[in-house]
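Below: one structure, written as structure tokens.
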Amino acid sequence: MNTLIWAVVPYTCLAVFVAGHVWRWRRDQFGWTTHTSQLLESRLLRLGSPLFHLGAFGVIAGHAMGLLVPASWTHALGVSEHTYHVVSVTGGVITGLMLVTGLALLIARRFVNGRVRRVTTTMDKVLYAALAAMVVLGMSGTVVINLFGEGYDYRESLAVWFRQIFYFQPDPSLMADAPLVFQLHAIGGFLFMALWPFTRLVHVWSAPLAYLWRPYVVYRGRRGPAPAPQPAPADVRTVSPAPRPERPTVKA
Ligand code: HEM
């Protein structure tokens, strides 16, 4: 059972993640977008979207640091276990709260605004439910267990198992004794990846990142000096309307 959950499921999800993206690209390039509903409602979106996205960037950076960087590396750099814990919990709580607040606003506007509700698809609802579940589980691990609880050193177990998956030697026993919240969050993370290609999350791979440092839209490029205004073509200037034919006068 351990092998099924901690080895077979992750690889199956990763395979669905890759094959799903290929399928979606070939079947639905016109649907490969954010499906923005900004024109239908912008008040809640203006606050919810930046909070959600900034929180998500922070949480992704935290995951990269916590899961991909081995504890031995931070020890070698002289970072004590206590310092690491303070930084990761503080960063996790701040970015996690931004993500939770942003997500709550995005979900709320789907309920309270009739026009947004009408364009919300079943897949959107599945995605929001999955995001909410992942965020609640993640925050429970960080806040309930690592901030106020007995603590769980995920860098010596969960993170090691996570990295092993990518070099094809996962040891399921590393996850067997993890707290249930972390077990659900970790396996949920892989299920989330399997869901990814079938949702609007595909827009992540075509985000116009160049506009981060060039925040204006170029409608027309200018090569060299602007061309001098051209005179209108001769036939347009000289052609005058043809004279009307004289009306025949009818004599009584
Ligand atoms: C297989 C994939 C994933 C793994 C192994 C994983 C692992 C973890 C771990 C170990 C923590 C605790 C960090 C700490 O206490 O310092 C955590 C927290 C968290 N996770 Fe994940 N996670 C995964 C995917 C996701 C996904 C897909 C989401 C959101 C959609 C997510 C959202 C969060 C949030 C909001 C927190 C709390 C804030 C934080 O500490 O960063 N995680 N995750």
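Rule-based calculations on the coordinates, nothing more; no lab input. These numbers come from a predicted model, not from an experiment. In this analysis, Cβ positions are derived from the backbone assuming ideal geometry, glycine residues included, and neighbour counts consider all displayed protein chains.
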Along each principal axis, Cα extent of the stretch 120-205, largest first, Å: 40, 34, 20
Longest segment of the chain lacking trypsin sites (Lys or Arg not before Pro) that sit in a DSSP loop with at most 12 other Cβ atoms within 10 Å: 1-219
Tilt relative to the chain, helix 9-27 - C-alpha long axis, 0 to 90 degrees, to 10: 0 degrees
Under 13 Å, Cβ to Cβ, from residue 45 - net charge with Lys/Arg +1 and Asp/Glu -1: +4
Ranking of 126, 143 by count of other Cβ atoms within 10 Å, fewest first: 126, 143
Globularity ratio of the stretch 48-157, using Cα Rg and 2.2 N^0.38 Å: 1.27
Value of relative contact order over the chain, rounded to a whole percent, pairs C-alpha under 8 Å and six or more apart: 32 percent
Calculated log₁₀ intensity ratio I(q)/I(0) where the Debye formula runs over C-alpha points of the chain, q = 0.10, 0.11, 0.14, 0.15 Å⁻¹: -0.64, -0.75, -1.10, -1.22
Degrees between helix 81-112 axis and first principal axis of the chain (Cα, 0 to 90, nearest 10): 40 degrees
Gain in span if fully extended, residue 83 to residue 112, counting 0.36 nm per residue against the direct Cα distance: 6.1 nm
Where a label projected 7 Å from the Cα of residue 122 along Cα→Cβ would reach, residues of the stretch 190-208 with amide N under 15 Å: 198-199
